[in-house]
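Here the structure is laid out as structure tokens; the discussion comes afterwards.
The values are calculated or read from the model by the stated rules, or taken from the named source; none is laboratory data. No experiment lies behind these values; they were computed from the predicted model shown. Neighbour counts run over all protein chains shown; Cβ positions are idealised from the backbone, glycine included. Ligands, DNA and RNA are excluded from the accessible area calculation, which covers all protein heavy atoms including side chains. Shrake-Rupley method; radii C 1.70, N 1.55, O 1.52, S 1.80 Å.
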2 protein chains.
Amino acid sequence: MEKSRLLNKRVSIAGIHIERASAVPLHLQIAAYLRSCILQGIFPAGTQFLGSRETARELGCSRTVVLTAWDLLYAEGYLESTPRGGVKVASVTAAHARPVPAASAAGASTGGTTAHISARWRSLLASEYETNWASEFAPGAPDISHFPFREWSRLLRQSWQNPRHPDCLDLPPQGHPSLRREIANFLGSVRGLVCTPDEVVVTSGTSGALDVCSRMILDPGDEVWVEEPGFVEARWALTAAGARLVPIPVDDQGLRVSEGIRRAPRAKLIVVTPSHQYPLGVSMGLERRLELLDWANKNDLRIIEDDYNSEFRHQDSMIASLRSLDREGRVIYLGTFSKIMMPSLRLGYMVADKRFVDTFAKGRARIDVHTSGIGQLALAEFMREGHLLRHLRRMRKVYAARRQALIDAIAAQMPNDLTVSAAATGLHLVALFTDRMRARMSDVEAATLIRQVGIHVQPLSQNHLEPPTRQGLVFGYGRLQTDDVFRLIARIATCLGSDA
Amino acid sequence: MEKSRLLNKRVSIAGIHIERASAVPLHLQIAAYLRSCILQGIFPAGTQFLGSRETARELGCSRTVVLTAWDLLYAEGYLESTPRGGVKVASVTAAHARPVPAASAAGASTGGTTAHISARWRSLLASEYETNWASEFAPGAPDISHFPFREWSRLLRQSWQNPRHPDCLDLPPQGHPSLRREIANFLGSVRGLVCTPDEVVVTSGTSGALDVCSRMILDPGDEVWVEEPGFVEARWALTAAGARLVPIPVDDQGLRVSEGIRRAPRAKLIVVTPSHQYPLGVSMGLERRLELLDWANKNDLRIIEDDYNSEFRHQDSMIASLRSLDREGRVIYLGTFSKIMMPSLRLGYMVADKRFVDTFAKGRARIDVHTSGIGQLALAEFMREGHLLRHLRRMRKVYAARRQALIDAIAAQMPNDLTVSAAATGLHLVALFTDRMRARMSDVEAATLIRQVGIHVQPLSQNHLEPPTRQGLVFGYGRLQTDDVFRLIARIATCLGSDA
């Protein structure tokens, strides 16, 4: 189109592509097209269009549609009215209009900006770490096939059929009072952890709790003790908060407190998994626990106790939580419903002393307000009616059987290469390399070989920050079918050249 | 109890307080009591207890309960076995046991720690800002009494009755694919914003989006342009991310871009509410919009467009979003379901170019994984079946009537003191003080006077970072009953000594 021509006569927009099947109303499609042409300089300032009646006829739509589109562009400043009652392109836009790259579709963004990404985000993305959730051996993936969806869906409906007014508005940042009460009861009965609902906060999973806690406790550059090897997912929130992670080795009694004191005496926070260390599965000994609390007390530090999966232990072998030994309110206890119910809920909880909870809640209200309230009341009822405990009892048996089948299969088929540590139940186990196996390959090499036959097993060293002192494979068994175990381990054994 | 006596004879624990009605099993109660006594030094190392049979009789419980409690403490290292088959307190604990302050109940934490709170958290909590959600005039509070709970609860049940396996595991960090598709359709039809589902992210409300975006875009100390006056809630996430907020004045064309360039030429991010500036309600003029995009393009910056409440506008007066003018993918568009559905959902969305979305999603997966999946599929169906659009159409009329009633009541009863700016619809309006009113009192003084008669109205200056240039009152009308308006404004008029 030639500019001078456009300015001298009234222009038809009959060529515009209209999608009648689109959810976007016709007048918005027309407006978007015209807006884009104006911005691109295709219709320069002063361009006049054919009358609304004629345009409507050309486009095969009602005149109202055309007038509505023009009104919109008029309100936005793209068009101005002419003395004859028509419209023309306003001048304001002319100065800003410039040709758009050919690749850009009208109205769509080209997405080509290289604008700044923060240093913290880049460090967050720096580490390569991949979990294949589809794998039979994905650590931490629960089996949801036994979940009582009937009850869960019934309670969700029930909680929203005729909701109380406060349940529709913003909830307290600590979470729904009923859910906090049920969590306190649950922890008392399943975990032997005595707490009041006031000390409980509903969080967006363990990650959500760690994300807020680490920003509340740490300034950028502050040191944190983390277990080595340890839970990679937990380290990310700390990294995002700008913390300096100091890996502290774990032995058969758990985190080596003396080594922590030696490596980072000024650390502001300690993050541990005392009941069932991730990934090794060891339980922190009492002496270590008291040593840890003692150090925290003397140095005015906080400890985050991630008590993941402790619900899957048999009660008789239950170890008291670190928090129940804590007399100064230093321990922040975290748990999650992701494993005992299902991951997509993104619901967890934190138990901490009332003062910490208050400061946490005040700040949280200003960051992400509260955890989604859609399922909080339903979950409280689900717990109150006993469905969670029943599900837990069932799953303890299911997982115990899977674990045993896995241990048996490894013992039968790879006795010279792998040793399974006799840790308490959970959703995964670590099979450590024997010296013979270590001499043959690294765990990363083993995992790569195994992947070639389509099986994904995590190398233990993926959980290390420093060069690993142990080599091994992390086998999740949450979704492992007992019938498949022997066959899968046989394939791994063949692939690694193991002999029985 | 005297130590030497304890060591010489076997001790009864008959004095223990057991709550039979408690959800905490008896053996855990007994274990918690003993653990606490051992830690406090009440039962020193070597203390032996009466036999399990005798203890059970004294406590009036079964022998199994006592043995289970002892097993637990034995596993934890508190007890050791005696040659005669009994138990005694182990020595390891003795060194660490010390008296507990009298105030501390057995097993409960005292919560007395003064441990470090980060500087960012303290700055987050520094500002005083209070919203009284119960107030008839709370800005931004929607009316949920017309919400189709029947449909919503039915769809929640339906979505969980027999869920697809992937809907139970972790969702993609961008959110459920069905919901992203529906949001893209919704924005096309309601907002005229053309985007693909790939450009949409489901967020934990606008706050959740701002929280992640600000950490992704900003390094601590980076400058951000924020509107003055502006949306306080939006500023908090930026503060928590360590940003330096630079207030840029707003006039009747919106944010004064030239002033931004003068005050903070090196700012890394610009946060605006172009459709309906919060709180003033002005719409940013086209010239300003293009000026803003131009500056962002030249300086490789990002812009966050918080398009809150734009759904409540009448389509005919709809202003195109800033994002639809953006040809370089610089604008990050935010919206929320809190206002058009209800706040407790904590569900919102972000639209940005694909590259930004990818980087956002990768980092987010490592921070808070994804927004709770409990309601995502149900919301997608709710939108697909048209319930959201229907609700929106109904509420537009309801809110328009409330707004008009409020404007009429102010005009009738306080014409000399307040002027309502003729902004587009939303859930609040600003009544600016006339010169006469300004001469009499400040808006903070007015709000204080009004509060004395039990009515909460927000002073406009609460939304300012710098000394305010305007004085006024912010009236939310989302939950205001039309019948009450005249009476409420009459009380305010009386209380401020206004004449009609």
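What about B:Asp143, is it in contact (Cβ under 8 Å) with a residue 12 or more places away in the chain, at the interface with chain A (Cβ under 7 Å from one of its Cβ atoms) and buried (at least 17 other Cβ atoms within 10 Å of the Cβ)?
No: the conditions fail for B:Asp143.
How many residues, within the range A:358-378, are of a type in the set (Asp, Glu) and more than 15 Å from B:Gly205 (Cβ to Cβ)?
Adding up the residues that qualify gives 1.
Just to be sure before I move on: is A:Arg256 surrounded by fewer than 24 Cβ atoms within 10 Å (Cβ to Cβ) and modelled with pLDDT of 95 or more in the structure I sent?
Spelling it out, A:Arg256 is indeed surrounded by fewer than 24 Cβ atoms within 10 Å (Cβ to Cβ) and modelled with pLDDT of 95 or more.
Of all residues in the range A:205-245, which are over 24 Å from A:Arg256 (Cβ atoms) and in a helix (DSSP H, G or I)?
A:Gly205, A:Ser207, A:Gly208, A:Ala209, A:Asp211, A:Val212, A:Arg215, A:Met216, A:Ala240
I need a count of the residues in the range B:235-253 that are out of contact with any strand residue (DSSP E or B) (no Cβ under 6 Å at 6 or more places or on another chain), open to solvent by less than 10 Å² (accessible area, probe 1.4 Å) and more than 18 Å from B:Ser118 (Cα to Cα).
0
Listed here are the residues, each with its yes/no results for (1) buried (at least 17 other Cβ atoms within 10 Å of the Cβ); (2) in contact with a His (Cβ under 9 Å, 6 or more places away or on another chain); (3) at pLDDT below 95; (4) under 25 Å from A:Asp483 (Cα atoms).
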{"position": "A:Ile332", "(1), (2), (3), (4)": "yes, no, no, no"}
{"position": "A:Gly335", "(1), (2), (3), (4)": "yes, no, no, no"}
{"position": "A:Met341", "(1), (2), (3), (4)": "yes, yes, no, yes"}
{"position": "A:Arg346", "(1), (2), (3), (4)": "yes, yes, no, no"}
{"position": "A:Val351", "(1), (2), (3), (4)": "yes, no, no, no"}
{"position": "A:Val357", "(1), (2), (3), (4)": "yes, no, no, no"}
{"position": "A:Arg394", "(1), (2), (3), (4)": "no, yes, yes, yes"}
{"position": "A:Ala400", "(1), (2), (3), (4)": "no, yes, yes, yes"}
{"position": "A:Ala405", "(1), (2), (3), (4)": "yes, no, yes, yes"}
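For the range B:182-199, indicate whether the set of residues that are more than 9 Å from every other protein chain (Cβ to nearest Cβ) and among the polar types (S, T, N, Q) is non-empty.
no
A:Val202 versus (1) within 7 Å of chain B (Cβ to nearest Cβ); (2) in a strand (DSSP E or B): which is the lone unmet condition?
(1) is the only condition that A:Val202 fails.
Given the options B:Leu418, B:Leu389, name the one that is buried (at least 20 other Cβ atoms within 10 Å of the Cβ), in contact (Cβ under 8 Å) with a residue 24 or more places away in the chain and within 27 Å of B:Pro274 (Cβ to Cβ).
Only one candidate qualifies: B:Leu418.
Is it the case that the range B:94-114 has a residue that's modelled with pLDDT of 90 or more, at negative phi and within 7 Å of another protein chain (Cβ to nearest Cβ)?
No, the range B:94-114 has no match at all.
Within the range A:193-204, can you find the residues that are modelled with pLDDT under 95 and either open to solvent by less than 10 Å² (accessible area, probe 1.4 Å) or not assigned by TED's automatic domain parsing to the domain that holds A:Pro177 (or both)?
Selection gives A:Leu193 alone.
Please state which one of A:Asp211, A:Asp167 is of a type in the set (Asp, Glu), surrounded by 24 or more Cβ atoms within 10 Å (Cβ to Cβ) and within 9 Å of chain B (Cβ to nearest Cβ).
Result of the check over A:Asp211, A:Asp167: A:Asp211.
Quick check, is B:Ala378 assigned to a helix (DSSP H, G or I), of a type outside the set (Val, Ile, Thr) and not assigned by TED's automatic domain parsing to the domain that holds B:Arg154?
no
Counting only residues that are surrounded by fewer than 21 Cβ atoms within 10 Å (Cβ to Cβ) and within 22 Å of the chain's Cα centre (by Cα), which one in the range A:460-469 is nearest to A:Leu238 (Cα to Cα)?
In this case the residue turns out to be A:Leu465.
So which residues in the range B:152-164 are surrounded by 19 or more Cβ atoms within 10 Å (Cβ to Cβ) and either more than 7 Å from chain A (Cβ to nearest Cβ) or of a type in the set (A, V, I, L, M) (or both), if there are any at all?
Scanning the range B:152-164 gives B:Leu155, B:Leu156, B:Ser159.
Of everything in the range B:359-383, what is open to solvent by 20 Å² or more (accessible area, probe 1.4 Å) and in contact with a His (Cβ under 7 Å, 6 or more places away or on another chain)? Give them in sequence order.
Residue satisfying the conditions is B:Leu377 alone.
Do you know which residues across the range A:214-231 are within 20 Å of B:Trp121 (Cβ to Cβ) and either open to solvent by less than 10 Å² (accessible area, probe 1.4 Å) or at the interface with another protein chain (Cβ under 10 Å from one of its Cβ atoms) (or both)?
Of everything in the range A:214-231, those that are within 20 Å of B:Trp121 (Cβ to Cβ) and either open to solvent by less than 10 Å² (accessible area, probe 1.4 Å) or at the interface with another protein chain (Cβ under 10 Å from one of its Cβ atoms) (or both) turn out to be A:Ser214, A:Arg215, A:Met216, A:Ile217, A:Leu218, A:Asp219, A:Pro220, A:Asp222, A:Val224.
Tell me, please, whether a residue that is touching a residue at least 60 places away in the same chain (Cβ under 8 Å), basic (Lys, Arg) and open to solvent by 10 Å² or more (accessible area, probe 1.4 Å) can be found in the range B:277-290.
no
Scan the range A:173-185 for residues that are surrounded by fewer than 24 Cβ atoms within 10 Å (Cβ to Cβ) and more than 23 Å from B:Leu156 (Cα to Cα) and jot them down.
A:Pro173, A:Arg181, A:Ala184, A:Asn185
Kindly check whether there is at least one residue in the range A:259-266 that is touching a strand residue (DSSP E or B) at 6+ places or on another chain (Cβ under 8 Å) and part of a strand (DSSP E or B).
There is no residue in the range A:259-266 that is touching a strand residue (DSSP E or B) at 6+ places or on another chain (Cβ under 8 Å) and part of a strand (DSSP E or B).
How many residues are in a helix (DSSP H, G or I) and open to solvent by 50 Å² or more (accessible area, probe 1.4 Å) if we restrict to the range A:38-84?
Total satisfying the criteria: 10.
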